[in-house]
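**Student:** I have a structure I would like to understand better, so I am pasting it below and will then ask my questions one at a time.
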Amino acid sequence: METEQGKLPPPPRLFASLMAGFDSVANHVLVILPPVLLDLFLWLGPRLSLKQFVQPVIDSMTTLANSSLIKLNITDVVSVQKLYSDFFSRFNLFSILRTFPVGTTSLLNFQMPTQNPFGITQSINIGSPIGILDWAILLIFMGWLIGAVYYYWVANVSLKTEGHLLLRSVKQVVLLSLIWVGLLILFGLPSLFFLSVVSLISPILGQVVLFIGAILLIWLVMPIFFSSHGIFSQQMNALHAILASLRMVRFTLPNTGLFILIFLVINQGLGFLWNTPPLNSWWMLVGIIGHAFVSTALLAASFVYYRDINAWLKIVFDQLQRQTASIKA
């Protein structure tokens, strides 16, 4: 790309990246199979429930509140008990097959349906901590593996690349995910404990803290939004991919921030549309397919944008370096 002396080229157009992503998925529509199959399993398959194990702990909250050094309103404690009881009545451990940061996108992993067109979802209860741990480890590693294959497929379709080693990408995805798990344990567990204590004192204050925490989380995650893209597009290792994402976002924040915002608005906004059909209606299948297509197209668009914005950065840095050298000369 040639540029005029002293004039920097414009950054890649966001609309062009989005269109390229949607076109690539439309031309290779089978790439949406992983998210479709995952949502069909979460919708029509059995539910792995923790209610049997967690319910005694929830029931003991009243006793804990009465013996607590902090004066707690019993009405608030009962509200928290009901909140947790309702949550674990719906919770499906299979939902963690949708892993982060690399994982197969899913419409129903947070919704955790308890009914489908065939009736009430069958539950499989886990009653021991060892059983929960075994299932969790197995499902997380399966999620990483399926997610790596999904990202690999989308990257090849969107970037039209071939010959990258899938096994190497899977290894780096596992390493990247372990880094994220470490950060989650380091910062997430204390935050969750603090949120639980605040919710016991006041459920309304707990919701406020949760909202503020979500905003803070988005602000912290944005610099590493593209941390997995270098693994699949440039065969980087996990650490280099994280550093490349930080560098890219640092130098292209307005443009990249707008892309991430558009990405989230389209994905989350259409999520309300896809969730419109009732869970006991076969119309939900339309939502599952629609969500799989759009979310996969957005992922493909992010790979296109990652490639183009890094190519643009290279041109800009090379041109700035030449201008600096000419001034010194």
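None of the figures in this text is laboratory data; all of them are computed from the coordinates on show. On a predicted model such as this, the values are computed, not experimentally measured, just so you know. Neighbour counts are summed over all protein chains in view; Cβ atoms, including those assigned to glycine, are modelled from backbone coordinates with ideal geometry.
**Student:** Quick one: which residues, 5+ away or cross-chain, put their amide H under 5 Å from the amide H of Asn116? H built at 1.01 Å from N.
**Tutor:** Counting only residues 5 or more places away or on other chains, the set is Thr121.
**Student:** When Lys and Arg each count +1 and Asp and Glu each count -1, what net charge do the other residues less than 12 Å away from Met248, Cβ to Cβ, add up to?
**Tutor:** Every neighbour counted, the sum reads +3.
**Student:** Can you tell me what the convex hull of the Cα atoms of the stretch 240-290 projects to on average, as an area in nm²?
**Tutor:** For the Cα atoms of the stretch 240-290, the hull's average projected area reads 4.7 nm².
**Student:** Between Leu48 and residues 5 or more places away or on another chain, which pairs have amide H atoms under 5 Å apart, with H built 1.01 Å from N, and which residues are they?
**Tutor:** Under 5 Å from the amide H of Leu48: Leu93, Phe94, Ile124.
**Student:** Relative to the Cα centre, what is the charge dipole magnitude of the chain, using +1 at the beta carbon of each Lys and Arg, -1 at the beta carbon of each Asp and Glu, and rounding to the nearest 20 debye?
**Tutor:** The calculation lands at about 480 debye.
**Student:** Can you grab the distance from the C-alpha centre of the stretch 220-259 to the C-alpha centre of the stretch 123-199, Å, no decimals?
**Tutor:** Cα centroid of the stretch 220-259 versus Cα centroid of the stretch 123-199: 18 Å apart.
**Student:** Can you return the lysines within cross-link range of Lys7? Criterion is Cα-Cα under 25 Å, with same-chain partners fewer than 8 residues away left out.
**Tutor:** Qualifying lysines at Cα under 25 Å: Lys314, Lys328.
**Student:** Next question, about the same structure. Of the listed peptides 127-138, 35-46, 239-250, 8-19, what is their order by residue-averaged count of other C-beta atoms within 10 Å, with the highest listed first?
**Tutor:** Ranked from most to least packed, the peptides come out as 35-46, 239-250, 8-19, 127-138.
**Student:** Right, next: Over the Cα atoms of the stretch 220-329, Rg to Rh with Kirkwood Rh, two decimal places?
**Tutor:** 1.16
**Student:** Still on this structure, I have one more. Which lysines does Lys82 reach when only Cα atoms under 21 Å apart count, and residues fewer than 8 places away in its own chain are ignored?
**Tutor:** Lys51, Lys71
**Student:** Check each of the chymotrypsin sites (Phe, Trp or Tyr not before Pro) in the stretch 236-291 and keep only those in coil by DSSP with at most 14 other C-beta atoms within 10 angstrom; list them in order.
**Tutor:** Taking the stretch 236-291 and a limit of 14 other Cβ atoms within 10 Å, the loop chymotrypsin sites (Phe, Trp or Tyr not before Pro) found are Trp282, Trp283.
**Student:** From the phi of every residue in the stretch 127-139, what ³J(HN,Hα) in whole Hz does the Karplus formula 6.51 cos²θ - 1.76 cosθ + 1.60 yield, where θ is phi - 60° and glycine or proline is x?
**Tutor:** Going residue by residue, I get x, 10, x, 5, x, 5, 4, 4, 4, 4, 4, 4, 5 Hz, with x marking Gly and Pro.
**Student:** Right, next: At q = 0.20, 0.22 Å⁻¹, what log₁₀ I(q)/I(0) does a Debye calculation on the Cα points of the stretch 196-285 give, no solvent, two decimals?
**Tutor:** -0.95, -1.00
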